[in-house]
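Heads up, the thing below is written out as structure tokens.
The values are calculated or read from the model by the stated rules, or taken from the named source; none is laboratory data. The shown structure was predicted, so the numbers you read here are calculated from the model rather than taken from an experiment. In this analysis, Cβ positions are derived from the backbone assuming ideal geometry, glycine residues included, and neighbour counts consider all displayed protein chains.
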Amino acid sequence: MCGICGVYNFRGQPVDSSVLRQMNETLRHRGPDDCGYHVEGNVGLAHRRLSIIDLHTGKQPIYNEDKSAVIVYNGEVYNFLQLKDELEEKGHSFRTGTDTEVILHAYEQWGDGCVERFRGMFAFAIWDTRNKSLFLARDRLGIKPLYYFDDGNRFLFASELKAIVADVSVPKSMEIEALADFLSYGYVPAPKSIFRSIKKLPAGCCLVRDRNGLRIKQYWDLEFNVVHDCGNEDELCCQIISTLEESVRLRLVSDVPLGAFLSGGIDSSLVVALMSGCMQKPVITNTVGFTLEKYSEIEFAKRTSGYFNTDHHEFVVEPDAVAVVEKLSWFFDEPFADSSAIPTYYVSQMARRQVTVALSGDGGDENFAGYRRYYYDRLENRIRQLIPAFARKIFFGPLACMYPKADWLPQVLRAKTLLTNLSRSAEQGYFNSMSYFLSSLKRSVLSPDLLAALHDYDSCDVFREHYRRCTSDDPLTRTQYVDFKTYLVDDILTKVDRSSMANSLEVRVPIIDHKFVELVAGIPSSLKLKGRISKYLLKKAAVRLLPAEIMNRKKMGFSIPVGEWLKNELEPLVHETILSTDFNNREIFSAQVVKRLWEQHWKGLRDNTQPLWALLSFELWARRYM
């Protein structure tokens, strides 16, 4: 795993090598083992290397035979040996044993169509001297990040946003629509970034920049067309296990020590089970937990470890350890409000003491409808089908306004969100369920000047666009598609990439291998969420590999007791940040509303963990980057 960056001055101005080196230096954590540069007049490429495969001859940048093309690359292409054989038959010769060189020759052979042949996670840039063009690509699911800047005179790209803004001439004015999106989602969804001048290359896309301009092409999308017969569940279970086993086996290729994250949940346990069947020695597993038992999965992970006889390591996160949030604001580049980044950082830190590569179980919930919110979203959609939209709006809308938001009531009596969602369309309802700041609260917390500048911008438009593009009419499937395009890539995978690379650890995610994802996408949603049983078919497939206590345990999720910490250990940090004079002087948020949110939370009147954590994350980011 590595970090890449580069500059293309298409007006002919020579590249400033000192700026390129400064950009590359910000990515040292992604590749502490080595660095390399290619500077050719008005073009410069740079690379930081974390050595995983071909430790001795894999230094980048890498060139083709006549040096007419050069590549810098971050990721792993797991089918590179098969592609290498095919390319050698076509006359290509290789000097290294790396997948990097395979990508370069594949580009020579098939042009931008090369990306369709790769199976893995990747972000790379190729400078083609013959065409005077820069070719960039990002993997199908967006496991590896890629940012770019283009002002009409020059083009900059990097694995992380911080490398681009290391060039002090890049404008750093905040994109206010991205800020609005962050308050809703807890992250900035692609293709936006928090800075107006910088974009993310979306997952499954490639980009060409030459003197004629910038062109972006989507080369892959997830099709949810049902192709499997739901009447033969046993056969589907066999396909699920065999395809996932192949995905896991492909990800075991490494010239450095390799292990796994283990939470004791079905997804990570299944990955460890399949690894145990493929490896000759015990799998090295790692888990984190908390002193508060209701948040800790250590005992479940320990039982799974014992069942598969793994070499197990565990770490308990103490409340004072959350001081790491200030450090994470640097690594994440943008405001990021998913508090599970903290345990992800710590499990990565612990794993790095034993291994350089770790497999994770991320993606199982998106593939097999594992989140509890899918059940409620399906229930709401069934009610929507029974009652016309105008009637729902007239009846449920006013009722939702009158119903109190009482977080202290039992769960069954908290109906405000349900009533609000039913008064809206499917995408608006799901957006409301996912929001850190509900629309009315977001309007009140933003300053009048910012609200005026936003005009009528609606962050729900991000969801609307993906709902529109989904090829399926099934409501649950459309919701899953939206999560693949937003939550999975811009929250879960971003969290894993930044937290692991902050510790120079490569994480591989077999459950979102695109072949496996395509197989699961063809399975009817009724076999993913069956009644109240989430991940129904995956559980049925896994039952032959996992012990009953893991199969039957209640889902916990990778959460932390941040609500309690805000009231106790983190209270001084709250006063130093979002209740401070500096925060108010930014004139972005209403000091009165922020203070009210804090007082409600501190007194236990409302659970304002999510909005408070989002504001705290923003302020810590702003102090580093604004």
Criterion violated by Pro191 - all others in (1) in contact (Cβ under 8 Å) with a residue 60 or more places away in the chain; (2) under 16 Å from the mean Cα position of the chain (by Cα) satisfied: (1)
Please work out if Val574 is in a helix (DSSP H, G or I), outside the structural domain of Arg443 (by TED's automatic domain parsing), crowded, with 19+ Cβ neighbours inside 10 Å and more than 26 Å from the chain's Cα centre (by Cα). yes
Keeping to the stretch 351-390, report how many residues are among the hydroxyl-bearing types (Ser, Thr, Tyr), assigned to a loop (DSSP other than H, G, I, E, B) and in contact with a helix residue (DSSP H, G or I) (Cβ under 8 Å, 6 or more places away or on another chain). 2
Which of the residues spanning the stretch 27-68 are surrounded by fewer than 21 Cβ atoms within 10 Å (Cβ to Cβ) and among the aliphatic types (A, V, I, L, M)? Val39, Val43, Ile53, Leu55
If you check Ser348 against the conditions, is it among the small types (Gly, Ala, Ser), part of a helix (DSSP H, G or I) and within 21 Å of Arg28 (Cβ to Cβ)? yes
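Condition check ((1) farther than 16 Å from Ile4 by Cβ; (2) touching a Phe, Trp or Tyr at 6+ places or on another chain (Cβ under 6 Å)) across all residues:
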{"site": "Arg95", "(1), (2)": "yes, no"}
{"site": "Glu101", "(1), (2)": "no, yes"}
{"site": "Arg130", "(1), (2)": "yes, no"}
{"site": "Ile143", "(1), (2)": "no, no"}
{"site": "Phe149", "(1), (2)": "no, no"}
{"site": "Ala158", "(1), (2)": "no, yes"}
{"site": "Ala166", "(1), (2)": "no, no"}
{"site": "Pro171", "(1), (2)": "yes, no"}
Do the conditions hold for Arg48, that is, is it outside the structural domain of Thr494 (by TED's automatic domain parsing), within 28 Å of Asp513 (Cα to Cα), charged (D, E, K, R) and in contact with a Pro (Cβ under 8 Å, 6 or more places away or on another chain)? yes
Restricted to the stretch 497-518, and to residues that are assigned to a loop (DSSP other than H, G, I, E, B) and not charged (D, E, K, R), which residue is farthest from Ile342 (Cα to Cα)? Val509
Exactly one of (1) crowded, with 21+ Cβ neighbours inside 10 Å; (2) over 28 Å from Glu245 (Cα atoms) is unmet by Ala351. Its number? (2)
Does the stretch 129-138 contain any residue that is farther than 16 Å from Ala46 by Cα, surrounded by fewer than 24 Cβ atoms within 10 Å (Cβ to Cβ) and in contact with a Ser or Thr (Cβ under 7 Å, 6 or more places away or on another chain)? yes
Among (1) hydrophobic (A, V, I, L, M, F, W, C); (2) assigned by TED's automatic domain parsing to the domain that holds Arg468; (3) assigned to a loop (DSSP other than H, G, I, E, B), which single condition is Cys238 missing? (3)
Out of all the residues in the stretch 581-626, which are surrounded by 14 or more Cβ atoms within 10 Å (Cβ to Cβ), of a type in the set (S, T, N, Q) and either out of contact with any Lys or Arg (no Cβ under 7 Å at 6 or more places or on another chain) or more than 22 Å from Trp565 (Cα to Cα) (or both)? Asn584, Ser590, Asn608, Thr609, Gln610, Ser617
Among the residues of the stretch 451-467, the number that are within 16 Å of Glu223 (Cα to Cα) and either out of contact with any Asp or Glu (no Cβ under 9 Å at 6 or more places or on another chain) or small (Gly, Ala, Ser) (or both) is 1
Does Arg30 meet the test of being at pLDDT below 95, in the same structural domain as Phe149 (by TED's automatic domain parsing) and within 26 Å of Tyr107 (Cα to Cα)? no
Do we find that Ala426 is out of contact with any strand residue (DSSP E or B) (no Cβ under 6 Å at 6 or more places or on another chain) and modelled with pLDDT under 85 in this structure? no
List the pairs whose first member sits in the stretch 450-466 and is farther than 25 Å from Arg478 by Cβ, whose second member is not β-branched (Val, Ile, Thr), and whose Cβ atoms are under 8 Å apart, counting only residues at least 6 apart or on separate chains? Leu450/Leu179; Leu451/Arg443; Leu454/Glu177; Leu454/Ala180; Leu454/Leu446
What's the number of the condition Asn24 fails, among (1) part of a helix (DSSP H, G or I); (2) surrounded by fewer than 18 Cβ atoms within 10 Å (Cβ to Cβ)? (2)
